[in-house]
1. Which FRET efficiency value, to the nearest 0.05, is calculated for residue 37 and residue 72 with the Förster distance at 30 angstrom and r the Cβ-Cβ distance?
2. Which residue, 35, 63, 108, has the most motion in a Gaussian network model of the chain that connects Cα atoms within less than 10 Å?
3. Rounded to the nearest 10 degrees, what's the angle between the helix 25-35 long axis and the longest principal axis of the chain, both from Cα atoms, 0 to 90?
4. Considering the chain as a Gaussian network with a 10 Å cut-off on Cα pairs, which listed residue, 114, 96, 70, attains the greatest mean-square fluctuation?
5. Among 57, 126, 88, which residue has its Cα furthest toward the positive end of the charge dipole of the range 7-131, with +1 on Lys/Arg Cβ and -1 on Asp/Glu Cβ?
6. Less than 17 Å apart at the alpha-carbon level, and either on another chain or at least 8 residues along: which lysines does that give for residue 83?
7. Once the other residues with Cβ under 15 Å from the Cβ of residue 12 are scored (Lys, Arg +1; Asp, Glu -1), what is the net sum?
8. Report the Cα-based extents of the range 65-118 along its three principal axes, largest first, to the nearest Å.
Amino acid sequence: MPTVQDLQAKVGEVVGTSDWIQIDQPRIQAFADATDDHQFIHVDPERAKMTPFGGTIAHGFLTLSMLTALAERLPDSRIEGVKMGINYGFDKVRFLTPVPAGVRIRGTFKLLSLEEKRPGQWQQTQEVTVEIEDQKKPALIAEWIAQFFI
């Protein structure tokens, strides 16, 4: 299990790429139900076939919400001594390519900064690129800020 000092040595580097996660229609439907966003391009396969997407697509915010799950799938994702972590926000989020129902996504995480805000309170900023399997253009790129406490 890496220490915070191990992580500090990796600022500016890609710290890992996650395993793939399936984004299927039941997951998209569950997200629509949870957020009350039932736009047809997400939940109506027949109507969505008539759009330029050719079928249903994941909500952009569903793809963004998968960052935690993707981060959990990184090798050495746990840092020694961490008691808890929280989302702090984003400096940038760009949705570049729609995620069709039925594909798999994964995340590549580059550590941009890591600083101790107060004793035992660390803030990290990562550039996360979410790829869609067998597509060249990523689904999204985000600068994600999180804090963790040791």
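All of the numbers you see were taken from the coordinates with simple rules; none came from a lab. Only a predicted model underlies this, so the values are computations on that prediction, with no experimental measurement involved. Cβ atoms come from the backbone with ideal geometry, glycine included; neighbour counts cover every protein chain shown.
1. Values: r = 24 Å, r/R0 = 0.81.
So the FRET efficiency works out to roughly 0.80.
2. Highest fluctuation of the listed residues: 35.
3. That helix lies at roughly 70 degrees to the long axis.
4. 96
5. Towards the positive end, the residue furthest out is 126.
6. Output for residue 83: 117.
7. Values: positive: 10, 110; negative: 6, 13, 115, 127, 143.
Here the count lands on -3.
8. On the principal axes, the range 65-118 reaches 42, 24, 17 Å in Cα extent.
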